[in-house]
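S.K.: One structure follows; several queries about it will come next.
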């Protein structure tokens, strides 16, 4: 395949045909306008041609495309044509489910429609496309049948009901057979025993005609276009499940990669190239093998009394270990960096190791091949847990940082984590050293017009970069207000700051029709404002919603669109990728400049590395990251040519601090109003708020 590609790329007609075909699609009066009635966007045409050049030269590209450029079509059309001409698989990597749904449900059908209706492009119309998610997301009907036949040994009442629900769903013929199609989401413990992440789900035991995962794999292997998420891609890279370098691919032996939402690459790569080990995962692991209290588990049919004893002792030691971390190490803290090797208790290792030895002995005695495979899967998983524990406790990797933290809905789970201090060298080897193109695009990759910081973070070196601005008329359609009298969040009386916050949010949001999105940088502020605003907002007979209260992000977006006039409080993920067009999102309020928590262990470790080089961590890490996130938050407001709305910035530091100019420079329009709380005074008496 590589030889074929090199021959074709050396031939003028190959690259020239691609350039001509793409030009005919995106040029003024071209196919997009004539056939699909899309407006011509010079920025979109420029992006498509740049991607053509990158693909045909097998070079890398960083391309920032402002909101509204239409970047999906700008990379999809050249990628589909190039994939078929070169016989290379195109990998499209996205970070959010919503973008995957947009690609599969809207953009790719539009591309296929275009290719079908334009005579010179009809030879490309039958391109094959597949979605690939992690194998644990797929149902394995083989494992489902086995679970149904042995459910008395594995499941109790409610779990048996859940198993039957999954079985009914499977018989109804789901489209992909992935857990995301099942609503409500399946119970994790039950799903873990029927998904495809098992040696039982193999080409020997499962066939594409009956197994959802094998069917998905077969489609992927035959596809020209494969859509994955960032998490899966970096998990595969971290696990070493990649082609040999001479094959010239990243995920497949002969491919090229388009990263959309590329601003997420540093964080997602860092998360999936490190370790995450939870108390829930380890305790569930032992209970799944044998739960003595309920007489359930994989070992019930084949285990010996010595095996049961070993598992129960290991489970007890695991509970004691995490309880000690919870009470004695973390205490009242939510997160703690591990700085010294062997500073955590070691008593877990002997019973854990004995339990694994017992399982290994048992696997040699079991005659049933299916039971043997299941047992070996659990042994492999347990060995992975033991290896991860050892690495975290001994701090084995000098280039990584290690820490403990709480998590889960009730904040009762304990996590052991690690992450590389820098992913740049890893990605330089795994992505950019391979003889194929990697294109990275997003609306927010640059600072002061340069993507240098981003390129350094991802190890992209001297990769070519291009920028096209948004075609939206921000001067006409956006009003910006900056409040000069808001108390600084970390100085003085904190109650004064919080009271200012919720009063300003109330007066701003209640003064206009349509919906308001309020963006916070922490959940403590969000929860306070939600509780204060809820009774006031109820007087208007309008809904108020908050992230982490009752609904998922997808459900909150749906409610905002359907109701049209809600007040929605969000943090973290709502700063980026949250898309609601029209009057339902008429106002965005930024409560605080989005600086990253400087006390996070990973941030601390990065700062220490910079200080060792006599560099300023605030200038090198904190400020650039905050500016990019600031741009992302602003980008939630105007999502189409006809959108208009108000942006309110409550953090007065943008006006009073020297670094504030960095944020002002990134506003999408030059003019803005400077206001104070008194400017919102009308209607205060009716609200019951005293200014």
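The values are calculated or read from the model by the stated rules, or taken from the named source; none is laboratory data. On a predicted model such as this, the values are computed, not experimentally measured, just so you know. Ideal geometry is used to build each Cβ from the backbone, glycine not excepted, and the neighbour counts take in all protein chains shown.
S.K.: Kindly evaluate residue 495 against the criterion of being modelled with pLDDT of 95 or more and within 23 Å of residue 678 (Cα to Cα).
M.R.: Spelling it out, it is not the case that residue 495 is modelled with pLDDT of 95 or more and within 23 Å of residue 678 (Cα to Cα).
S.K.: Tell me whether the range 214-223 contains one or more residues that are surrounded by fewer than 19 Cβ atoms within 10 Å (Cβ to Cβ) and touching a helix residue (DSSP H, G or I) at 6+ places or on another chain (Cβ under 8 Å).
M.R.: no
S.K.: Could I ask something else about it? Within the range 102-124, is there a residue that is in contact with a strand residue (DSSP E or B) (Cβ under 7 Å, 6 or more places away or on another chain) and part of a strand (DSSP E or B)? Before the answer, list the steps.
M.R.: Keep residues of the range 102-124 that are in contact with a strand residue (DSSP E or B) (Cβ under 7 Å, 6 or more places away or on another chain), which gives 103-104, 108.
Among the residues that remain, those that are also part of a strand (DSSP E or B) are: none.
The answer is no; no qualifying residue exists.
S.K.: Could I ask something else about it? Do you know which residues across the range 414-427 are at pLDDT 95 or above and more than 21 Å from the chain's Cα centre (by Cα)?
M.R.: Within the range 414-427, 414 is the sole residue that qualifies.
Condition check ((1) surrounded by fewer than 16 Cβ atoms within 10 Å (Cβ to Cβ); (2) touching a residue at least 24 places away in the same chain (Cβ under 8 Å); (3) in contact with a strand residue (DSSP E or B) (Cβ under 7 Å, 6 or more places away or on another chain)) across all residues:
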position	(1), (2), (3)
525	no, yes, no
531	yes, no, no
551	yes, no, yes
556	no, no, yes
589	no, yes, yes
593	no, yes, no
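S.K.: State which residue is surrounded by the most Cβ atoms within 10 Å (Cβ to Cβ) when the search covers only the range 649-661 and only residues that are outside any strand (DSSP E or B) and out of contact with any helix residue (DSSP H, G or I) (no Cβ under 7 Å at 6 or more places or on another chain).
M.R.: So the first thing to find is which residues in the range 649-661 are outside any strand (DSSP E or B), and the list is 650-661.
In the following step, the residues that additionally are out of contact with any helix residue (DSSP H, G or I) (no Cβ under 7 Å at 6 or more places or on another chain) were identified as 651-652, 655-658, 661.
Numbers: 651: 24, 652: 21, 655: 18, 656: 10, 657: 14, 658: 7, 661: 11.
Applying the filter and picking the extreme gives 651.
S.K.: Consider the range 58-70. How many of its residues are surrounded by 24 or more Cβ atoms within 10 Å (Cβ to Cβ), touching a helix residue (DSSP H, G or I) at 6+ places or on another chain (Cβ under 7 Å) and not in a loop (DSSP other than H, G, I, E, B)?
M.R.: 3
S.K.: Would you call residue 497 crowded, with 20+ Cβ neighbours inside 10 Å and over 24 Å from the mean Cα position of the chain (by Cα)?
M.R.: Details: crowded, with 20+ Cβ neighbours inside 10 Å: no; over 24 Å from the mean Cα position of the chain (by Cα): yes.
No; evaluated as a whole, the condition is false for this residue.
S.K.: Residues that are surrounded by 20 or more Cβ atoms within 10 Å (Cβ to Cβ) and assigned to a strand (DSSP E or B): does the range 365-381 have at least one?
M.R.: So far as the range 365-381 goes, no, none of its residues is surrounded by 20 or more Cβ atoms within 10 Å (Cβ to Cβ) and assigned to a strand (DSSP E or B).
S.K.: Being in contact with a strand residue (DSSP E or B) (Cβ under 7 Å, 6 or more places away or on another chain), crowded, with 17+ Cβ neighbours inside 10 Å, modelled with pLDDT under 95 and more than 28 Å from residue 394 (Cβ to Cβ), is that true of even one residue in the range 280-300?
M.R.: yes
S.K.: Looking at the structure I just gave you, is residue 249 out of contact with any helix residue (DSSP H, G or I) (no Cβ under 9 Å at 6 or more places or on another chain) and free of Cβ contacts under 8 Å to residues at least 40 places away in the same chain?
M.R.: Considered against the rule, which asks whether it is out of contact with any helix residue (DSSP H, G or I) (no Cβ under 9 Å at 6 or more places or on another chain) and free of Cβ contacts under 8 Å to residues at least 40 places away in the same chain, residue 249 comes out as no.
S.K.: Listed residues 15, 27, 98, 72; which is over 18 Å from residue 443 (Cβ atoms) and in contact (Cβ under 8 Å) with a residue 40 or more places away in the chain?
M.R.: 15
S.K.: Of all residues in the range 167-216, count the ones that are over 13 Å from residue 137 (Cβ atoms), without any contact (Cβ under 8 Å) to a residue 60 or more places away in the chain and not in a loop (DSSP other than H, G, I, E, B).
M.R.: 8
S.K.: How many residues are surrounded by 18 or more Cβ atoms within 10 Å (Cβ to Cβ) and outside any helix (DSSP H, G or I) when one looks only at the range 305-354?
M.R.: 3
S.K.: So, one more: Would you check if there is a residue in the range 149-159 being within 25 Å of the chain's Cα centre (by Cα) and buried (at least 22 other Cβ atoms within 10 Å of the Cβ)?
M.R.: No; the residues of the range 149-159 include none that is within 25 Å of the chain's Cα centre (by Cα) and buried (at least 22 other Cβ atoms within 10 Å of the Cβ).
S.K.: Now for a different question. Is it fair to say residue 243 is surrounded by fewer than 23 Cβ atoms within 10 Å (Cβ to Cβ), in the same structural domain as residue 72 (by TED's automatic domain parsing) and not in a loop (DSSP other than H, G, I, E, B)?
M.R.: When the stated conditions are applied, residue 243 does not pass them.
S.K.: Within the range 125-143, work out how many residues are in a helix (DSSP H, G or I) and either crowded, with 20+ Cβ neighbours inside 10 Å or free of Cβ contacts under 8 Å to residues at least 40 places away in the same chain (or both).
M.R.: Result for the range 125-143: 4.
S.K.: Taking the range 435-452, which residues are closer than 17 Å to residue 92 by Cα and assigned to a loop (DSSP other than H, G, I, E, B)?
M.R.: Hits for the range 435-452 are 436, 437, 443.
S.K.: Please work out which residue is farthest from residue 675 (Cα to Cα), limiting yourself to the range 625-648 and to residues that are out of contact with any strand residue (DSSP E or B) (no Cβ under 8 Å at 6 or more places or on another chain) and in a helix (DSSP H, G or I).
M.R.: 625
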